[in-house]
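Student: Starting off with a structure, shown below.
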Amino acid sequence: MKAYAKTDIGSKRTMNQDSVYCNENSVGSFQNLFIVADGMGGHKAGDYASRLCVEKMVEAIEKSKSVTPVTILEEAVTEANSNVLAEAKTNVEYEGMGTTMVACTLQENTLYIANIGDSRLYIINDDIRQITKDHSWVEEMVKKGEITESQARIHPQKNIITRALGIDETVHADYFEVNVKADDKILMCSDGLTNMVEDDDIEYIVRHSSSVEKAVENLVEKANENGGKDNITVILVQI
């Protein structure tokens, strides 16, 4: 396994509210762990929410006594949600803060994934396949057939998310189990990448870059070239 992560402020923002965790080594009973979180809220709140989410998820996974990966991820998401929600009540600057989150761990040939919000996980090999589903208002409209995927990309309300971590007492994340094989690449990212770079271009860059590190650098550079309107965070894992 080779993994590389990068987070970038982008071309327009004054603060990076994304957080990233990339560990190819054991975390608790997990053989590895990868997390991307994209915070929302006031000037400081989004940054704090995403960092707190990552920290509390890692802590929960390290101390978990559970056996199944999905249960461990569920515990970690619940723990992070409770902490972000509690912190939001302690300081007026943090009121209403929340964060998206996508996390995964590779155990043997199975990838276990958790996500909430519109940060994404893709698997790239002969093609590019989005595994996670966006929890966003425009995605709901796409599902109902009210707009097309291409219309969703440029919709003025495309950044309105319908689920996030740290907003409600009960958190509703999605969980996936996916079989993977040698040479598959796992791409995780915040919407600062996917709003700026089309999926086909993401696939092309990953497939034609000389290394995992170069692919991530090229993706961030392309997002900035295309406008860099938001913070950009990318993790790429090659199996």
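Read-outs throughout are calculated quantities, based only on the coordinates presented, and are distinct from any laboratory measurement. Please read all numbers here as calculations on a predicted model, not as lab measurements. Cβ atoms come from the backbone with ideal geometry, glycine included; neighbour counts cover every protein chain shown.
Student: So if I place +1 on the C-beta of Lys and Arg and -1 on the C-beta of Asp and Glu, and nothing else carries charge, what would the dipole magnitude of region 110-237 be about its Cα centre? I want it in debye, nearest 20. Present the calculation step by step, with values, prior to reporting the outcome.
Tutor: Details: 14 positive and 25 negative charges, 11 e Å.
Roughly 60 debye, rounded to the nearest 20.
Student: What are the extents of the Cα atoms of region 192-238 along their three principal axes, listed from largest to smallest and rounded to whole Å?
Tutor: 27, 18, 14
Student: Cβ neighbours within 10 Å, averaged per peptide: list 186-193, 175-182 in order, most packed at the top.
Tutor: Working: 186-193: 26.8, 175-182: 12.6.
Averaged packing, sorted descending, gives the order 186-193, 175-182.
Student: For Ile147, which sequence-distant residues (separation of 5 or more, or a different chain) have an amide H within less than 5 Å of its own amide H, given hydrogens modelled in the peptide plane?
Tutor: Val142
Student: Against the empirical 2.2 N^0.38 Å scaling, what ratio does the C-alpha Rg of region 128-239 come to?
Tutor: Working: Rg = 15.2 Å, N = 112, 2.2 N^0.38 = 13.2 Å.
Ratio of Rg to 2.2 N^0.38 Å for region 128-239: 1.15.
Student: Just to confirm a number: summing +1 for Lys and Arg and -1 for Asp and Glu over residues other than Ile9 whose beta-carbon lies under 10 angstrom from that of Ile9, what do you get?
Tutor: Details: positive: Lys12, Arg13; negative: Asp8, Asp18, Asp230.
Combined, the nearby Lys, Arg, Asp and Glu give -1.
Student: Just to be sure I understand the curve: with the Debye formula and one point per C-alpha of region 1-71, what is log10 I(q)/I(0) at q = 0.16, 0.17, 0.20 Å⁻¹?
Tutor: -0.64, -0.70, -0.87
Student: Grab the beta carbon distance between Asp174 and Thr110, set R0 = 22 Å, and tell me the FRET efficiency rounded to 0.05.
Tutor: On the way: r = 16 Å, r/R0 = 0.74.
Working from the Cβ atoms, E equals 0.85.
Student: Now, a different point. Taking θ = phi - 60°, what integer Hz values does the Karplus form 6.51 cos²θ - 1.76 cosθ + 1.60 yield along region 56-61, in sequence order, with x for Gly and Pro?
Tutor: Per-residue couplings from phi come out as 6, 5, 4, 4, 5, 5 Hz.
Student: How big is region 60-169 by the Kirkwood estimate over distinct Cα pairs, in Å?
Tutor: Details: mean 1/r = 0.0628 Å⁻¹.
One decimal place: 15.9 Å for the Kirkwood radius.
Student: Related question: With +1 on each Lys and Arg Cβ and -1 on each Asp and Glu Cβ, how big is the dipole of region 2-238 about its Cα centre, in debye rounded to the nearest 20? Write down the numbers at each step before the final one.
Tutor: Values: 24 positive and 40 negative charges, 41 e Å.
So the dipole magnitude of region 2-238 works out to roughly 200 debye.
Student: With N set to the number of residues, divide the alpha-carbon radius of gyration of the chain by 2.2 N^0.38 Å and report two decimals.
Tutor: Numbers: Rg = 16.7 Å, N = 239, 2.2 N^0.38 = 17.6 Å.
After normalising by residue count via 2.2 N^0.38 Å, the value is 0.95.
Student: Run the helix sum for the chain: -39,500 (n - 2.57) per DSSP H stretch of 4+ residues, divided by residue count, reported at 222 nm to the nearest 500 deg cm²/dmol. Provide the component values of the computation, followed by the final result.
Tutor: On the way: 7 runs with 79 residues, N = 239.
Computed mean residue ellipticity for the chain: -10000 deg cm²/dmol.
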